[in-house]
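As structure tokens, the structure follows; a few thoughts come after it.
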């Protein structure tokens, strides 16, 4: 049925029954006919003309010269010359190539090609903390054989899985400048693979913490390789000897970065390789007295400066240590870390029966700066925190540190068989002692803290005397308040009172700011003062 003219031209009855005229715009619901409406112009957004062939910036002209960085229509990072980009990439990858190189390769094609062909980016490699990069044996072998790792110096394979000796053999052939190797917490490497690296690379620092050798091999095999002639580095007789047995790709990458390597090394003083300097065999429960005898009786460590045996041993009872043999084989030792050596059984000195006059004739450790011989700590649900067995007597402590005039850090926590007089006689009077930990030991007394604050008040910065009980009172707090450089102090479980805490909190003008204070377990201190100390210094 045809529409009427009235309905076609408009509404007759408006809102609330009010009659309206045709074509009236007073009605809110009024809508004119389609024929009478003016056709609106549709806004058309014209896209800019895009040429079929984009004008990309080319860094290199046909004549071989480089174009300026702002040549073309895209003056961004991709337009920089390759030499400038290489310098920037090397600075970004100086601390660690992973995952920086992988992220650079995902930016654009030119960055990917440049990062894949520059071995100078891979001087330091550490896969720890990069969960989305899981190295495999095939990948690492490819990098070593292609020459991508021909300039690598530091490699950390800590916590990597499914790697075997083929990786170490490839590194022995493809990494002639490798000086720092970390294979801690791995379970696929054997003594033979470690020996290949030690023979072919100038290793200065080796970390084999908590290494689980396959086929139930003992850590003694690894120690035997490290301490014997089998693991001695054999330097190539000439530059051609470094290239012998290498592939064509490796030689090309090595020669390509030869000048860059020399330019980088010219900024640093050249270090002549002398031997192993840092050795860490911590957290190895199968470390025994036989392994310790191999280390102490070896002639392979004349330049060793750091020995870390923290929490090593314990599965086979006490660990016997010959301090005299260790002083002979490691005369330049500056860091001795024996904390928790032997586990709950501790460690004992084979020369404990020697008199003090005989010990004084020895050379000792004149370069020792850090000495950590604390007993093993155990957390028990029944008895709380306690310490394991300690066989460190006064004679043992005297034998270790009596000639250490550079000693700055001493940790004898839990050594219950030490006496206050033994500590006073063992410490060198000229030692710049900075931190000392005597918690839960036999030397923790007011007189010892007064002695330390009197003789080392200008250098001491941290004191740990927790678990003293009634042996430490406000006398120690008054003595510690006179140390101008003191910044960390722990007197938990002592007999100190509110007066001692307030005296310790008040610092004299010119003194260092006290950053940490532990008074937990001090029953003579009021709860209000404990809350104030906790709010000011935080949890210990």
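The values are calculated or read from the model by the stated rules, or taken from the named source; none is laboratory data. These numbers were taken from a predicted model, which means no experiment stands behind them. Backbone-built Cβ (ideal geometry, glycine too); neighbour counts: all protein chains shown.
Scanning region 195-215 for residues that are within 24 Å of residue 341 (Cβ to Cβ) and within 22 Å of the chain's Cα centre (by Cα) yields 203, 204, 205, 206, 207, 208, 209, 210, 211, 212.
Evaluate region 196-212: report whether one residue or more is surrounded by fewer than 22 Cβ atoms within 10 Å (Cβ to Cβ) and over 21 Å from residue 228 (Cβ atoms). Within region 196-212, one or more residues are surrounded by fewer than 22 Cβ atoms within 10 Å (Cβ to Cβ) and over 21 Å from residue 228 (Cβ atoms). Determine, yes or no, whether residue 147 is surrounded by fewer than 16 Cβ atoms within 10 Å (Cβ to Cβ) and either farther than 20 Å from residue 104 by Cα or at pLDDT below 85 (or both). Considered against the rule, which asks whether it is surrounded by fewer than 16 Cβ atoms within 10 Å (Cβ to Cβ) and either farther than 20 Å from residue 104 by Cα or at pLDDT below 85 (or both), residue 147 comes out as no. Of everything in region 293-315, what is out of contact with any helix residue (DSSP H, G or I) (no Cβ under 9 Å at 6 or more places or on another chain), under 21 Å from residue 346 (Cβ atoms) and assigned to a strand (DSSP E or B)? Give them in sequence order. The answer is 308, and nothing else. If the condition is being surrounded by fewer than 17 Cβ atoms within 10 Å (Cβ to Cβ) and under 23 Å from residue 412 (Cα atoms), then region 279-309 contributes only 285. Do you know which of the residues in region 335-349 that are surrounded by fewer than 21 Cβ atoms within 10 Å (Cβ to Cβ) and farther than 19 Å from residue 401 by Cβ is modelled with the lowest pLDDT? Once the filter is applied, the top-ranked residue is 344. On the given criteria, is residue 470 in contact with a strand residue (DSSP E or B) (Cβ under 9 Å, 6 or more places away or on another chain) and at pLDDT below 90? Considered against the rule, which asks whether it is in contact with a strand residue (DSSP E or B) (Cβ under 9 Å, 6 or more places away or on another chain) and at pLDDT below 90, residue 470 comes out as yes. For residue 458, indicate whether it is buried (at least 21 other Cβ atoms within 10 Å of the Cβ) and either within 30 Å of residue 399 (Cβ to Cβ) or not assigned by TED's automatic domain parsing to the domain that holds residue 414 (or both). When the stated conditions are applied, residue 458 does not pass them. Do we have residue 407 as farther than 20 Å from residue 516 by Cβ, surrounded by 23 or more Cβ atoms within 10 Å (Cβ to Cβ) and modelled with pLDDT of 90 or more here? Judged against the criteria, residue 407 is a match. The condition (being out of contact with any strand residue (DSSP E or B) (no Cβ under 6 Å at 6 or more places or on another chain), at pLDDT below 90, crowded, with 22+ Cβ neighbours inside 10 Å and assigned by TED's automatic domain parsing to the domain that holds residue 410) is satisfied by just one residue among 519, 496: 519. Scanning region 448-459 finds no residues that are in contact (Cβ under 8 Å) with a residue 12 or more places away in the chain, in contact with a helix residue (DSSP H, G or I) (Cβ under 8 Å, 6 or more places away or on another chain) and either part of a loop (DSSP other than H, G, I, E, B) or more than 27 Å from residue 497 (Cα to Cα) (or both).
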